[in-house]
1. Out of all the residues in the stretch 313-333, is one or more small (Gly, Ala, Ser) and surrounded by fewer than 16 Cβ atoms within 10 Å (Cβ to Cβ)?
2. Select from the stretch 107-126 the residues that are more than 13 Å from the chain's Cα centre (by Cα) and more than 26 Å from Asp83 (Cβ to Cβ) and list them in ascending order.
3. Find the strands (runs of 3 or more DSSP E) located wholly in the stretch 159-221 whose residues include 2 or more that are within 19 Å of Asp123 (Cβ to Cβ), and list them.
4. Quick check on my filter: what residues within the stretch 34-72 are over 21 Å from Val23 (Cα atoms) and over 25 Å from the mean Cα position of the chain (by Cα)?
5. Output the residue which, of all residues in the stretch 30-76 that are under 16 Å from Phe86 (Cβ atoms) and charged (D, E, K, R), is modelled with the highest pLDDT.
6. Assess whether Gly151 counts as being without any contact (Cβ under 8 Å) to a residue 12 or more places away in the chain and surrounded by fewer than 22 Cβ atoms within 10 Å (Cβ to Cβ).
7. Only one of these conditions is not met by Cys113: (1) within 30 Å of Asn342 (Cα to Cα); (2) in a helix (DSSP H, G or I). Which number is it?
8. When you look at Gly180, is it on the phi > 0 side of the Ramachandran plot and free of Cβ contacts under 8 Å to residues at least 12 places away in the same chain, yes or no?
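The values are calculated or read from the model by the stated rules, or taken from the named source; none is laboratory data. If you're wondering where the values come from, they're calculated on a predicted model, not measured in any experiment. A quick note on method: Cβ atoms are made from the backbone with ideal geometry, for glycine too, and the neighbour counts reach across all protein chains shown.
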Amino acid sequence: MARVLLLFGGRSSEHEVSCASAVSVHDALVEGGYRVIPVGISREGDWHLADPTFRPFVADGRSVVMTVPSGALRVADYDVEFDIVFPVLHGPQGEDGTLQGLFETCDLPYVGCGVLPSALAMDKDLAKRVIASAGIATTPWLPVQRSEWAGGSDVVMAEIAKKLGYPVFVKPSAQGSSIGVRRVESEDEVRAAIDDALRYDLKVVVEEAVEGREIEVAVLDGPQASLPGEVITAAEFYTYDAKYADTGSRFEVPAQISEAATIEVRELAEDVFRELGLSGLARIDFFYETSTETFLFNEANTLPGFTSISGFPKMWVASGMTYAELCSHLVDAAFRHYEERNRLAIR
């Protein structure tokens with residue numbers, strides 16, 4: 001059975017989520033017969049051989065070094081042998097193409113999307129541009145660059161009022177787990193929200209607030225879509241606390257929508273998967289606008305949460321696949337992608 005290097009933690013604001021997700025993935029892979037080597041990346045970017053008895057995992061322990069371009073992993077004076085990488089890192093420097101570039105440089109098989117699709121899906125603005133150009137409906141939005149904001153916030157505010165109106169959502173363009181996201185009702189609130197979001201990113205996305213339901217679909221290679229799920233939250237929107245701490249929020253699978261709507265959103269999720277060039281896995285999020293009964297693309301997550309309460313594994317469990325089978329499927333798919341890449345001509 002394959003030896004899996006399980007990477008978790010990371011330097012993003014989703015560090016804690018990753019540490020929790022890694023526990024579930026670790027246990028599922030062990031159940032599937034894999035040998036798992038958990039390595040945590042600290043907030044400072046240091047790699048550590050982690051103790052799997054800590055729950056959640058902690059990115060601490062003996063120092064680990066990966067040599068480039070050989071991909072050799074060393075702890076002290078000895079090599080740690082592994083066959084494949086399973087990154088469970090959310091957000092920047094985890095699912096944005098940076099680590100994927102490292103794996104490609106070192107010629108390592110790894111779970112998940114490649115460099116370009118990872119980077120594209122991570123940037124909410126660019127992903128929306130691609131999806132809109134493919135004729136798939138998305139929430140109206142306006143990107144705001146930090147330099148643009150610093151050079152003329154009044155101009156930006158006038159454009160927001162003209163194109164979107166209020167209320168709106170303000171989001172860092174390349175973050176996850178609702179980090180830095182606010183729903184705002186007025187000009188003063190928008191200004192404060194953009195200032196806050198720019199703490200996390202150089203670009204902000206301002207979106208029209210849609211009155212509707214939050215519907216998500218898990219997708220694997222094929223593409224193959226799961227049964228959809230629905231976010232039910234007691235908060236104003238699905239905040240970080242609502243996702244991971246608020247017992248009043250839940251994720252319902254399957255979503256209570258009509259059979260026709262279920263077919264439609266699964267097909268849309270597969271279309272998004274194809275248009276963004278994704279592979280391995282992704283969670284595709286939509287708004288179901290109640291007034292028009294229309295699905296609007298919201299975003300794609302290429303390394304979605306894998307905790308026991310996370311939507312991605314729950315949708316596949318509801319679709320007939322156990323958590324352990326899901327993790328094994330992802331490892332097998334990663335080996336297939338690696339073999340396909342290595343068959344490409346280089347001259």
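1. Within the stretch 313-333, one or more residues are small (Gly, Ala, Ser) and surrounded by fewer than 16 Cβ atoms within 10 Å (Cβ to Cβ).
2. Asp125, Leu126 - these are the residues of the stretch 107-126 that are more than 13 Å from the chain's Cα centre (by Cα) and more than 26 Å from Asp83 (Cβ to Cβ).
3. In the stretch 159-221, the matching strands (runs of 3 or more DSSP E) lie at 168-172, 203-208.
4. Once the filter is applied, which keeps residues that are over 21 Å from Val23 (Cα atoms) and over 25 Å from the mean Cα position of the chain (by Cα), the stretch 34-72 yields Val65, Thr67, Val68, Pro69, Ser70, Ala72.
5. Step by step, filter the stretch 30-76, then rank; the result is Arg35.
6. yes
7. With respect to (1) within 30 Å of Asn342 (Cα to Cα); (2) in a helix (DSSP H, G or I), Cys113 is out only on (2).
8. Here the answer is no, as Gly180 does not meet what is asked.
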